[in-house]
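One structure below.
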Amino acid sequence: ADVLVEGLEALEARVEVAERAGIERSRIIVDPGIGFGKRLPHNLTLLRGLSAFHDLGCPVLLGASRKRFIGTIGGAEDAKARMPGSLAVALMAAAQGAQIIRVHDSAETAQALRLHLAMTAG
């Protein structure tokens, strides 16, 4: 099955439940759930298609910092050694328009994002 389509459908259903409960769509944040019971190919598919989550009309949050898949791909078994990979994922998320990026290494990520924005602005 297509993890991206399934993720979008599941989040759309949850957004609809929240709206029926009286929460405005503009106050709802969606998170594709990187790492939660997903295998490496699933995580990569979700990351590659992150911009599709904007179709839900909600801010997109990505919480991939120090996740196991970063260690697997980047060769960093220890979670604390995954900052470089976490930065790469954060920059990719920013390039796809993620409004919120949850990280462990906030100063380093903020610096990387400032540079990314400076180079891509204009």
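The values are calculated or read from the model by the stated rules, or taken from the named source; none is laboratory data. Because the structure is a prediction, the values reported are computed rather than measured. Virtual Cβ from ideal backbone geometry, glycine too; neighbours counted across all protein chains shown. Just the protein is used for accessible areas: all its heavy atoms, side chains included, with ligands, DNA and RNA removed. Shrake-Rupley method; radii C 1.70, N 1.55, O 1.52, S 1.80 Å.
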Examine region 47-64 for a residue that is in contact with a Phe, Trp or Tyr (Cβ under 8 Å, 6 or more places away or on another chain), closer than 17 Å to Leu4 by Cβ and of a type in the set (A, V, I, L, M), and state whether such a residue exists. yes
Suppose we filter region 59-72 for residues that are open to solvent by 40 Å² or more (accessible area, probe 1.4 Å), over 15 Å from Thr109 (Cα atoms) and touching a helix residue (DSSP H, G or I) at 6+ places or on another chain (Cβ under 7 Å); how many remain? 1
Residues of region 68-99 that turn out to be touching a residue at least 40 places away in the same chain (Cβ under 8 Å), assigned to a helix (DSSP H, G or I), farther than 17 Å from Arg39 by Cα and of a type outside the set (Gly, Ala, Ser), as a count: 1
Could we say that Pro41 is more than 12 Å from the chain's Cα centre (by Cα) and either closer than 13 Å to Leu11 by Cα or open to solvent by 60 Å² or more (accessible area, probe 1.4 Å) (or both) here? yes
Among the candidates Leu56, Leu46, which residue alone is in contact with an Asp or Glu (Cβ under 7 Å, 6 or more places away or on another chain) and open to solvent by less than 20 Å² (accessible area, probe 1.4 Å)? Leu56
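Table: residues versus (1) under 16 Å from Pro59 (Cα atoms); (2) in a loop (DSSP other than H, G, I, E, B); (3) touching a helix residue (DSSP H, G or I) at 6+ places or on another chain (Cβ under 7 Å).
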position	(1), (2), (3)
Leu4	no, no, yes
Glu12	yes, no, yes
Glu16	yes, no, no
Glu19	yes, no, yes
Ser26	yes, no, no
Gly37	no, yes, no
Based on this model, can you work out whether Gly122 counts as in a loop (DSSP other than H, G, I, E, B), within 11 Å of the chain's Cα centre (by Cα) and either touching a residue at least 60 places away in the same chain (Cβ under 8 Å) or loosely packed, with under 13 Cβ neighbours inside 10 Å (or both)? no
Identify all residues within region 101-114 that are touching a helix residue (DSSP H, G or I) at 6+ places or on another chain (Cβ under 9 Å), within 19 Å of Asp31 (Cβ to Cβ) and open to solvent by 60 Å² or more (accessible area, probe 1.4 Å); write none if there are none. His104
